[in-house]
1. To make sure I understand the rule: partners must be lysines, Cα under 22 Å from the Cα of K47, and not fewer than 8 residues away in the same chain. Which ones qualify?
2. List the lysines whose alpha-carbon lies under 21 Å from that of K140, not counting same-chain residues fewer than 8 positions away?
3. Heads up, I need the accessible area for S258: 1.4 angstrom probe, whole protein in place, Å², nearest 10.
4. How large is the accessible surface of D104 in square angstrom, using a 1.4 angstrom probe and rounding to the nearest 10?
5. Please list R271, R23, R162 from largest to smallest accessible area, probe radius 1.4 Å, with all protein chains kept in place.
6. In whole angstrom, how far apart do the alpha carbon centroids of segment 124-170 and segment 193-218 sit?
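The values are calculated or read from the model by the stated rules, or taken from the named source; none is laboratory data. What you see is a predicted model; the values in this text were computed from it and never measured. Areas reflect the complete protein model, heavy atoms only, side chains present, ligands, DNA and RNA absent. Shrake-Rupley method; radii C 1.70, N 1.55, O 1.52, S 1.80 Å.
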Amino acid sequence: VGFMLIRLSRLMAGMFQESLRMRFENLELLDKLDREKRVAEEATQFKSDFLATISHEIRTPVSTIVGMSYLALKTDLNARQREMLEIIQQGGQHLHGLINQVLDFSKVEAGMLRLEKSTFSLQTVLDNAFALNSEKATAKGLHMGFDVEDGVPDQLVGDALRLSEVLINYLSNAIKFTRSGSVQVSVASRARDAQHVELYFAVKDTGIGLTAEQVTRLFQSFQQADHSTTRRYGGTGLGLAICKKLAELMGGEVGVISTLGQGATFWFTARFDLTAQAADPAAVRSVRLAPAVRPA
């Protein structure tokens, strides 16, 4: 019995010693992981701060280039001078758009992007989005239009600027990848209560379409349908990733329905507060808007 008690005591002492060793090793591992996590977070924060700072610093001179070239085009110029200034302005506008995307992406990554809440008109947002893209659509001979489902309130409370960003990006992409045909925007209610409404926005085009494999990569950062898309159409692959983040901030989600060669429908949802007038069922009015552009 004494011999067994001694063996049992030694066994228990060994187990206790092993338990302590494993505990200290785990503590060291946790401490190491915590240090590595802090280093990674600091590196990510530094990257985001750097992108935000450099984007601001670059955007100022680019805005000057775009503005001065615009003013120069208003003066008396010969054909060759006008052509060169137009190229400068187009290049400046393209660079300005890329910088804005990088700035928005850095804000999203750093968790610094915040939504504003104010009353706005849905019709005004749609009109502005179409106005900014109408020239490109007309140049390609595309028909553009939008349709708002009966009962969708015009007066909403939310961030009109961020909603416009998503719509403009979707419209711009639809026009870019559509050689002929049309681009159509539709808006419908998905859910509604006394104080909130969830809206469904869809941009349908008759463009080149996408394969199922390409669709899976679209809303990832720095990703496009394939490498040939970047070479042919340009872009950073950030636009749709930013749209996804903005839609999520607005309480919604994004998606795409497409068949290769048969166009695509890019959609997103967003949740808004209702104004006192819109919350009253008797005050809700149908908003049905005619196509903004009907080129010959």
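1. Filter leaves K37, K107, K244, K245.
2. Those lysines meeting the cut-off are K176, K204.
3. 30
4. D104 has an accessible surface of roughly 30 Å² with all protein chains in place.
5. Values: R271 110, R23 155, R162 25 Å².
In descending accessible area the options line up as R23, R271, R162.
6. Taking the Cα centre of each part, segment 124-170 and segment 193-218 sit 14 Å apart.
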